[in-house]
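**Student:** Sending over a structure as structure tokens; questions will come in a sec.
Read-outs: derived from the displayed coordinates by stated rules, not from any lab. The shown structure was predicted, so the numbers you read here are calculated from the model rather than taken from an experiment. Neighbour counts are summed over all protein chains in view; Cβ atoms, including those assigned to glycine, are modelled from backbone coordinates with ideal geometry.
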Amino acid sequence: MFDWNSPLAFYASLTLRIVSIMMLLLVLTLLTGRRKIGELPVFDFLVVITLGSVVGSDIADFKLPHFDVLYAITVIILLQTAYSYFVLKSRKFGNAVNFDPVVVIENGQLVKKNLAYLKYTVDNILMMLREKDIFDLNEVEFAVIESSGKLSVLKKSQHQALTPSTMHMATGYKGLPTPLIVEGKIYDQSLQRLNLDRSWLMAELQNYQVTSADEVFYAALNTDGTLYVSKDVPDHPATPMLH
């Protein structure tokens with residue numbers, strides 16, 4: 001007979017708990033959509049903390065019924081889904097349960113009242129500006145602390161980077177490149193969509209001293225008609241990084 005009190009049974013049960021919880025979290029997360037951790041609203045942040053506590057308790061304490069924990073996780077995720085639904089449906093509700101964006105620099109001047117409201121110091125703002133490669137407050141027209149806690153900045157016009165539109169220069173369309181070869185495999189469907197064939201592709205590859213698709217790790221056609229080719233070269237030691 002199998003000894004359910006043996007160390008083997010303990011670790012088997014622990015593994016089953018971890019796998020079942022992680023699979024449930026994966027499925028529920030995929031169903032509720034993607035969002036960067038750094039951009040989580042307040043309620044979603046609380047959900048993450050709560051889930052961590054529930055999952056940790058289940059793994060650490062075998063006295064807790066495992067299916068009760070799975071039920072708790074499901075309810076938490078469903079509650080988060082309902083919350084997201086009402087936020088999308090009602091702007092008033094969304095504003096009530098989330099932080100509002102707050103202006104911290106206006107017309108190049110720090111807004112002291114708003115800094116005090118946010119409990120941010122000048123050093124906090126300067127650090128966040130440096131993270132955006134801004135070291136001089138004179139360059140800033142407006143800066144806003146978003147509901148996620150991140151800083152959005154509008155530079156003064158004289159400090160904004162030049163673009164073709166500001167210089168009234170015409171530019172061509174630049175879209176996504178189309179992969180033609182990936183790890184030596186030719187994507188015939190991509191060639192057909194571009195009204196091209198393998199003969200054209202092999203003729204173009206000869207310009208890169210390539211005689212077979214097996215020699216190509218990745219190749220893609222840009223929207224301007226140029227072909228990018230990365231050859232499948234043998235591995236070599238990485239270039240050391242100097243600090």
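**Student:** Dipole magnitude of the range 74-184 about its Cα centre, charges +1 at Lys/Arg Cβ and -1 at Asp/Glu Cβ only, in debye to the nearest 20?
**Tutor:** Using Cβ point charges on Lys, Arg, Asp and Glu, the range 74-184 gives about 420 debye.
**Student:** Please compute the volume of the convex hull spanned by the alpha-carbon atoms of the range 151-216 and report it per residue in Å³.
**Tutor:** In the range 151-216, the Cα hull volume divided by residue count equals 195 Å³.
**Student:** Shifting gears a bit: How big is the convex hull of the Cα atoms of the range 50-148, per residue, in Å³?
**Tutor:** In the range 50-148, the Cα hull volume divided by residue count equals 156 Å³.
**Student:** Which aspartates and glutamates does Lys119 reach when only Cα atoms under 16 Å apart count, and residues fewer than 8 places away in its own chain are ignored?
**Tutor:** Those aspartates and glutamates meeting the cut-off are Asp100, Glu146.
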